[in-house]
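Data first, discussion second: the structure below is written as structure tokens.
The values are calculated or read from the model by the stated rules, or taken from the named source; none is laboratory data. None of the values given here were measured: they were computed from a predicted structure. Ideal geometry is used to build each Cβ from the backbone, glycine not excepted, and the neighbour counts take in all protein chains shown. Accessible surface areas use protein heavy atoms only, side chains included; no ligands, DNA or RNA. Shrake-Rupley method; radii C 1.70, N 1.55, O 1.52, S 1.80 Å.
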Amino acid sequence: MTDLTTAPASALTGAPTSYDADEQGWFGDFGGRFMPEALVAALDELTVAWREAVADPAFMAEFDAIQRDYAGTPSRLYDAERLTRRIGGARILLKREDLNHTGAHKIRNVLGQALLTKRMGKSRVIAETGAGQHGVASATAAAYFELDCTVYMGAVDTRRQALNVARMELLGAKVVPVESGSATLKDAINEAMRDWVASVDHTAYLFGTAAGPHPFPSMVRDFTRGIGDEAREQCLELTGRLPDAVAACVGGGSNAIGLFTAFLDDPEVRIYGFEPGGDGVETGRHAATIHAGDSGVLHGARTFVLQDEDGQTVESHSISAGLDYPGVGPQHAHLAKTGRAEYRPVTDAQSMDALALLARTEGIIPAIESAHALAGAFDVARELGPDATVLINLSGRGDKDMETAREWFALGEKTQEQV
Amino acid sequence: MSTSVAFEKARSDDRAALVGYLPAGFPDVDGSIAALEAMVAAGCDVIEVGLPYSDPVMDGPTIQAAAQQALEGGFRVRDVFRTVEAVAATGTPAVVMTYWNPVERYGVERFARDLAGAGGAGLITPDLTPDSDPHWPSAADAHDLDKVYLVAPSSTDERIAMTVAACRGFVYATAVMGVTGARTTTSELAEPLVARTKAATGLPVGVGLGVSTGDQAAEIAAYADAVIVGSAFVRTLLDHGDDRAGGLRALTVLTEDLADGVRRG
Ligand SMILES: Cc1ncc(COP(=O)(O)O)c(C=O)c1O
């Protein structure tokens, strides 16, 4: 039996796949680097530092040790028997990223980037955040590594996610509300980039997802691919074979690519990404970028973008702040175009139903982001039938979403009436 | 019409050129045309017409506010061609400064054709470096347009060499590590950057980011071929709000001060 906690292979040394970027960061027609010249030197420096770091056994040993002892990985692969019975289709396995430190897969990425920041001799980190999960993870890593930390967050989101603002501040980070544009995640990214242009000599930008200019999509994937590497081994150990399908939600795409990478070159494994369908793609109020967007350039990469006829970015809508982004990581655009992965929209209502279902059947409250993966994967489980196995990434826990859930399900109202 | 005509004229007068920026559609399309005409009349040698974009990562609060106002007022990409046409009619070269996505969405070849058709001189591309995409250079060359890429204090000598080799018209040297916005002092990073750039090319080198007064313009004109001013013009119009006539008068005064500056340098 493989003991993953002592396995010598680092999470960072995963094999290359047939879907990797070229030297310039191009995944087929997508990716690349569309950035102000002022930041190119820093991106080149980061690219070299990252490549050198992953080739350095000392760096990798430290990365693995922090992921294990501090973040709590490998996360468990849970055989969800009750859920399987309830759905009545394929056997459902849940990758429990919700049990990681700070409550989501995001900690894997920030610990990698923060460790690299230390190695590069920089003293300050900046980050953008939507829901606040990446901001909290960044503030956590900054506290751990003794780095100054500033988090940019859309002013709309600082109000929606006040508790996460408090968490970041408690961890010692400075949170800057961004009022420009639509005052949400995309504008927080703009503002972080503006900071970075002026501070790049001593500051690292901890990008929160597998999007943005090269090397971020590839680097963030490498820091999160432990999800899939672990899940692959765990599934083999548990079931004796690979899953028939793997599924994840897709915002920018870090948890999804972190899971998918280990299975890209196993053609028998179907790969599904579930995008935020908001009120329904047909209403125009959604964030289903791959399903309904067009090729364009946003935040430094060519990818699918929700945009109008003039190339102006269109505001996205999702009940899940962590998925509410009008772009998507370029590797997902490539996987969609090549047909290696299938991307489907899941509405707010379907996600909230799945969230409640998991809570009642398994006693697990997932993040609303992860509930998108559940809702979509339930259909896949029914399509594939009882002989199949579907592995779902439970990317985060739902604590941060209780206010939204309370409103959605009118929770607590009956209790109030009795008082 | 390439911008090189304007740089040659300035050079023959033994002075630097003054390049003025304003976003199209701000305060509205006709308002931006009137403002650009006033800047030409008061001494701008080259005009940069900005194309308002929803996600301007290289811009500070002043230009962001102007772009947002233009977009909220219904600005369309095609309006930029009308604006360019009006400036070109004055005999002053007009280049468009734009983030890349609106061009890609419009169609790179179609954008080049319509820009050339409007009498435009070329494009300045703040988030497109020569190595990011091969489509623009071929479209620009096919339509005889200037390609103006940026160099920055952080650029290595190798990147400067690669960038200037891809430029036509002039080279845009960003004086500071930061976003657009008026600053009270000129940057000490600009002069060495201009020297490194001039060592790599015979093209004119313009310095932008942060210039707002005639004195700053004079300082830069001592070592650069052009002084590029943006946020200070935008600020002037923003400060005058609905008082359009007052805004144009103030714009004229500012342009004259800057035009005097480039002659003192
Ligand atoms: C729990 C959880 N899952 C998923 C996401 C979406 O991000 P990504 O698509 O990069 O995995 C977020 C973002 O905040 C999140 O908090």
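Some notes on this structure:
Results for (1) buried (at least 22 other Cβ atoms within 10 Å of the Cβ); (2) hydrophobic (A, V, I, L, M, F, W, C); (3) away from chain B (no Cβ under 14 Å), shown as yes or no for each residue.
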position: A:Met153; (1), (2), (3): yes, yes, yes
position: A:Leu171; (1), (2), (3): no, yes, yes
position: A:Leu185; (1), (2), (3): yes, yes, no
position: A:Asp195; (1), (2), (3): no, no, no
position: A:Ala204; (1), (2), (3): yes, yes, yes
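- Condition met for B:Thr163 (in a helix (DSSP H, G or I), in contact with a Pro (Cβ under 8 Å, 6 or more places away or on another chain) and within 27 Å of B:Asp144 (Cβ to Cβ)): yes
- Number of the exception - B:Leu189 against (1) open to solvent by less than 30 Å² (accessible area, probe 1.4 Å); (2) modelled with pLDDT under 95: (1)
- When A:Thr203 is tested against the conditions (1) touching a strand residue (DSSP E or B) at 6+ places or on another chain (Cβ under 9 Å); (2) within 16 Å of the ligand (Cβ to nearest atom); (3) β-branched (Val, Ile, Thr); (4) closer than 19 Å to A:Lys118 by Cβ, the lone failure is (2).
- Residues of the range A:296-325 that are more than 16 Å from A:Leu185 (Cα to Cα) and either more than 11 Å from chain B (Cβ to nearest Cβ) or open to solvent by less than 10 Å² (accessible area, probe 1.4 Å) (or both): A:Gly296, A:Val297, A:Ala301, A:Thr303, A:Phe304, A:Gly311.
Table: residues versus (1) of a type in the set (A, V, I, L, M, F, W, C); (2) in the same structural domain as A:Arg232 (by TED's automatic domain parsing); (3) within 16 Å of the ligand (Cβ to nearest atom).
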position: A:Val328; (1), (2), (3): yes, yes, yes
position: A:Ala354; (1), (2), (3): yes, yes, yes
position: A:Gly363; (1), (2), (3): no, yes, no
position: A:Ala367; (1), (2), (3): yes, yes, yes
position: A:Ala375; (1), (2), (3): yes, yes, yes
position: A:Lys400; (1), (2), (3): no, yes, yes
position: A:Lys414; (1), (2), (3): no, no, no
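- When restricted to residues that are within 17 Å of the chain's Cα centre (by Cα) and surrounded by fewer than 22 Cβ atoms within 10 Å (Cβ to Cβ), the range B:195-211 contains 1.
- Residue in the range B:150-160 that is more than 13 Å from chain A (Cβ to nearest Cβ), open to solvent by less than 30 Å² (accessible area, probe 1.4 Å) and under 28 Å from B:Ala10 (Cα atoms) present: no
- Complete set of residues in the range A:378-407 that are under 26 Å from A:Arg167 (Cβ atoms) and either crowded, with 17+ Cβ neighbours inside 10 Å or of a type in the set (Gly, Ala, Ser) (or both): A:Asn393, A:Leu394, A:Ser395, A:Gly396, A:Arg397, A:Gly398, A:Lys400, A:Asp401, A:Thr404, A:Ala405
- Selection count, the range A:20-40, where residues are in contact (Cβ under 8 Å) with a residue 24 or more places away in the chain, within 10 Å of another protein chain (Cβ to nearest Cβ) and farther than 22 Å from A:Val305 by Cβ: 1
- Of the helices (runs of 4 or more DSSP H) entirely within the range A:347-416, those holding at least 1 residues that are at pLDDT 95 or above and of a type in the set (Phe, Trp, Tyr) occupy A:368-384, A:402-409.
- Qualifying residue in the range A:378-386 (condition: at negative phi and within 13 Å of the ligand (Cβ to nearest atom)): no
- Residue selected from the range B:134-148 under the condition in contact with a Gly (Cβ under 7 Å, 6 or more places away or on another chain) and either within 14 Å of another protein chain (Cβ to nearest Cβ) or over 24 Å from B:Leu22 (Cα atoms) (or both), by the criterion most open to solvent (accessible area, probe 1.4 Å): B:Lys147
- Subset of the range A:14-51 [of a type in the set (Asp, Glu), in contact with a Phe, Trp or Tyr (Cβ under 8 Å, 6 or more places away or on another chain) and open to solvent by 10 Å² or more (accessible area, probe 1.4 Å)]: A:Asp20
- When the criteria are applied in full, B:Leu237 fails the requirement of being touching a residue at least 12 places away in the same chain (Cβ under 8 Å) and touching a strand residue (DSSP E or B) at 6+ places or on another chain (Cβ under 6 Å).
- Counting only helices (runs of 4 or more DSSP H) that fall entirely inside the range B:40-131 and contain at least 3 residues that are away from chain A (no Cβ under 13 Å) and over 14 Å from the mean Cα position of the chain (by Cα), the qualifying elements are B:77-88, B:108-117.
- Counting only residues that are away from the ligand (no atom under 15 Å from the Cβ) and either part of a helix (DSSP H, G or I) or without any contact (Cβ under 8 Å) to a residue 60 or more places away in the chain (or both), the range A:85-98 holds 3 of them.
- Flag for A:Gln350 being under 21 Å from A:Gly253 (Cβ atoms) and buried (at least 24 other Cβ atoms within 10 Å of the Cβ): no
- Selection count where residues are out of contact with any helix residue (DSSP H, G or I) (no Cβ under 7 Å at 6 or more places or on another chain) and under 23 Å from A:Arg167 (Cα atoms), scope the range A:72-97: 1
- Failed item, numbered, when A:Arg82 is tested on (1) modelled with pLDDT of 95 or more; (2) assigned to a helix (DSSP H, G or I); (3) not assigned by TED's automatic domain parsing to the domain that holds A:Pro386: (3)
- If you go through the range B:16-39 and keep only what is open to solvent by less than 10 Å² (accessible area, probe 1.4 Å) and either on the phi > 0 side of the Ramachandran plot or part of a loop (DSSP other than H, G, I, E, B) (or both), you end up with B:Ala16, B:Ala24, B:Gly25, B:Phe26.
- If only residues of the range A:206-247 that are away from the ligand (no atom under 11 Å from the Cβ) and among the polar types (S, T, N, Q) are counted, the one that is nearest to the other protein chains (Cβ to nearest Cβ) is A:Ser218.
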